[in-house]
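Take a look at the structure set out below.
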Amino acid sequence: MVHQQNKPALQHIMSLVEAGQLQKAREICSDICSKNKKDVEPMIIMAMIHDRMGKPGKMENQLRKALKINPNLGIAYHNLGRALAMQEKYEEAAEAFKRAQQTNPNILDPYLLLAEVYSKLNRAPQAIEQLTCALRINASRADIYYKLGLLHYKKGAIDKAIEMLDKALSLKQDYTEPYYLLHYIYYEEGKYEDAKSCYEKLLNIARDDGAKIRHATMAPIIIESEEQISNFRESLIQRIDSLLHDKLVVKNPVDEIRYTNFQLAYHGYNDKALQVKLAKLYIHACPELTYESPNLHPPLKGLPSRKIRIGFISNCLGSHSIGKAARGLVSELSRDRFHVTAFFLKKPEDRVGNLIRDAADSSVVLGSSLEKARQGVERENIDILFYQDIGMEPVTYFLAFSRLAPVQCTYFGHPVTTGIPNMDYFISTDSYEPPDMDEHYSEKLVLLKGVAAPSYCYRPEIPPLDSSRDRFGFGEHEHIYFSPQTLYKFHPAIDDVLADILRNDTLGRIVLKVGRRPYLAELLKKRFSKSMPDVTSRITFSPQLSQQDYFSMIALSDVMLDTTHFGGFTTTIDAIAVGTPVITWPGEFMRGRHTMSFYNKMGIKDCIADTLEGYAGKALRLATDPDYNQHVRQKILGAGDAIWEEKKVIDEYERIFEEMLTSSGNL
């Protein structure tokens, strides 16, 4: 109960708060609190002042005092929950919001805030339950349906997510956030036209230059034909040229553009000119991208007397092909000559991520904000900033436009040139590159010499195998051709190869992986039904495989099929470890030549096709001739040591890092 004599003073305090005079309001309110230790109203106001001052710990203390005096104050529980959530004390915050609901069950905010807390705790079902309760109080809030759509999407309930987002838009037609998420959902599902339509509707209701750029540059995930590739790229160049003449304003490309030009690498073209043009577009829209750190030291004329500080940066430094490729180099670089920092975008949560973090001399979690990521890198005073996979996601892609280190480089994590002016070097190997290699890169190309790959490869840890074919639904007499690549790697030119295999091997079955996006498989099936309708029934799409089933599938397969134009790396390593032959055709660009390089290092030519037309013949012989198959398997198993833990890889990196830093040597 408010003491009557305090009312004028409390009203004065509130007027000070509204005027922004928080310090003066705090001093007066503190005096009243000290003189009226049983009066909760000044405590509630003091908590509000601390809230405005950004002091959630002190806010929490005041509210706990008030609740000791009156444990039935719903507003106090509500604000206590907020104070605890601001301090990331999510379990305690959840309990406070529950008490607020019990005290005032018809107040909306505690349900919304409890849903946010459950989302932070990765408890999507409980968050959905809270938002559903909130709709019983107010079913006209579009933002609640949007939040439900986001949670259902994160759960993988795509149809339900779309239903909720459509409902949000029916309530508020000019609500932009549902369009962003619907675009993302449709695009990731491979529903290219639906994704485009979302941005077209968005651009009709809002000025959004980031969305305008994304709408103009987005590429289909599953390509229907080589003609579609050619037409798309020609049209894309025209759209970029048009945008370069527009006045565009993008403040934060990570949040506003939201995507990279990732899919272009799968078209089978030289991407140098297009990547340069795209980088020019992004800089045109957001000149701040080319930020230069004031902490940069001048170019060195010789090696420093201290250790060279090198930073490895990626969003995928974990149990991902990127993390597996980076782990050995992070671990094995000489600590007499190098200090290694691992830059993560989020805290590592799996075994490989933890191994990388522990192997590095220091590690930094940068977060998903472009500005904070810049600051996090700057604080480490890096000499060489080594991007592991530029183009895989937007934070590191757009971060790479900044100048944060004297030397900035990348490599085959996303195996295509960046086009980014501040990217100095692209690291590859002399065994990967074709004769016209310099025409493919906007960066200066640096070659590791005499190694199988630009990665220090550990032998995979193989789980116990269960290679009984009936468990996977395959007959003992079938010839299994397994290709566990992501489905967007299947360039239209490979259709003729697959058809040739199946038409010449009536016992043949090609097995592909569905992965996490089943609709992509449906698009690929549709393409196959047009390009090879007579044999499509013998192409099987396996569900998501456990690690044990994945290795078992490789082992039981007669051959593995490398994708053309953009081949495998980790999958080839896994196949070599169990001895399964991988048929490959070294294409025109580095991204299709990884498997060839492994086999050349191992001295094995049996699996390398000289031409795309010769690919099927190599596969057919290995699948249908058991004796030859076993002979090649034994050769593979016997030669594997040539690529595992190749010490020369480390020696070569140490050489080129020192040469890059001093700008000397024959690069």
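Throughout, read-outs are computed from the coordinates displayed, never taken from laboratory work. If you're wondering where the values come from, they're calculated on a predicted model, not measured in any experiment. Positions of Cβ are generated from backbone atoms using ideal geometry, with glycine treated the same way; all protein chains shown enter the neighbour counts.
Miscellaneous remarks
- Cα centroid of the stretch 246-289 to Cα centroid of the stretch 210-242, whole Å: 12 Å
- Under the simplified labelling scheme, the His477-Arg503 pair shows an inter-label distance of 2.4 nm, with each label point 7 Å from Cα along Cα→Cβ.
- Each residue of the stretch 194-209 was assigned a 3J(HN,Hα) from its phi angle through the Karplus expression (A = 6.51, B = -1.76, C = 1.60, θ = phi - 60°), giving 5, 4, 4, 4, 4, 6, 5, 5, 4, 5, 6, 10, 8, 7, 9, 5 Hz with x at Gly and Pro.
- Taking the longest Cα principal axis of the chain as reference, the axis of helix 547-556 is set at about 10 degrees.
- Sequence-distant residues sharing a close amide H with Phe338 (under 5 Å, placed H): Ile308
- In range of the label at Tyr184: residues from the stretch 510-526 whose backbone nitrogen is under 19 Å from the point 7 Å along Cα→Cβ: 516-520
- Here the 3J(HN,Hα) profile of the stretch 636-651, calculated from phi with Karplus coefficients 6.51, -1.76 and 1.60 at θ = phi - 60°, is 5, 5, x, 9, x, 4, 5, 10, 7, 6, 6, 4, 5, 4, 5, 4 Hz, Gly and Pro shown as x.
- Net charge of neighbours whose Cβ lies under 13 Å from the Cβ of Ala47, counting Lys and Arg as +1 and Asp and Glu as -1: +4
- Two-site FRET efficiency, Asn70 against Ser293, from Cβ-Cβ distance with R₀ of 51 Å, rounded to 0.05: 0.45
- Label point at Asp625 placed 7 Å out along Cα→Cβ; residues across the stretch 547-578 whose backbone nitrogen lies under 15 Å: 559
- Extension gain, Asn106 to Ser546: 0.36 nm times the residue separation minus the Cα-Cα distance gives 153.8 nm.
- Degrees, to the nearest 10: 7-18 long Cα axis against longest axis of the chain: 30 degrees
- Applying 1/(1 + (r/R0)^6) with R0 = 60 Å to the Cβ-Cβ distance of Asp31 and Ser321 gives a FRET efficiency near 0.45.
- Summary of packing: across the peptides 237-245, 119-127, 260-268, the per-residue average of other C-beta atoms within 10 Å ranks them, highest first, as 260-268, 119-127, 237-245.
- FRET efficiency estimate (nearest 0.05) - Cβ-Cβ, Met86 to Asn138, R0 30 angstrom: 0.75
- Relative packing of 316-328, 49-61, which averages over residues the other C-beta atoms within 10 Å, highest first: 316-328, 49-61
- Inter-site label distance for Ser537 and Lys605 at 7 Å from Cα along Cβ, in nm: 4.1 nm
- Paramagnetic label zone (point 7 Å from Cα along Cα-to-C-beta, Thr662; backbone N under 20 Å) in the stretch 411-444: 425
- Among the GluC sites (Glu not before Pro) in the stretch 579-667, those placed in a DSSP loop whose Cβ has at most 14 other Cβ atoms within 10 Å are Glu588, Glu613, Glu645.
- Of the GluC sites (Glu not before Pro) found in the stretch 452-521, the ones in coil according to DSSP and having at most 11 other Cβ atoms within 10 Å of their Cβ are Glu461, Glu476.
- Point-to-point label distance, Arg655-Arg52, nm (Cα→Cβ direction, 7 Å offset): 6.7 nm
- Reported to the nearest whole Å, the Cα centre-to-centre distance from the stretch 134-196 to the stretch 554-609 is 42.
- A DSSP coil position with no more than 15 other Cβ atoms inside 10 Å describes the following trypsin sites (Lys or Arg not before Pro) in the stretch 369-443: Arg379.
- Given [x] 28.7, 90; [y] 26.1, 89; [z] 29.3, 100, the label whose value is Rg and Dmax of the Cα atoms in Å derived from this model: [z]
- Cys457 long-range amide H proximity, modeled H, under 5 Å: Glu645, Glu646
- Counting DSSP beta bridges with both ends in the chain, the antiparallel % (nearest 5): 0 percent
- Using θ = phi - 60° in the Karplus curve 6.51 cos²θ - 1.76 cosθ + 1.60, the 3J(HN,Hα) couplings for the stretch 315-321 round to 7, 10, 7, x, 7, 9, 4 Hz; x is entered for Gly and Pro.
- Listed peptides 249-257, 23-31, 465-473 by packing density, highest first (mean Cβ within 10 Å): 249-257, 23-31, 465-473
- Relative to the longest principal axis of the Cα atoms of the chain, helix 226-243 runs at roughly 40 degrees.
- Cα gyration tensor, the stretch 469-642 - rounded (a/c under 1.5), prolate or oblate: rounded
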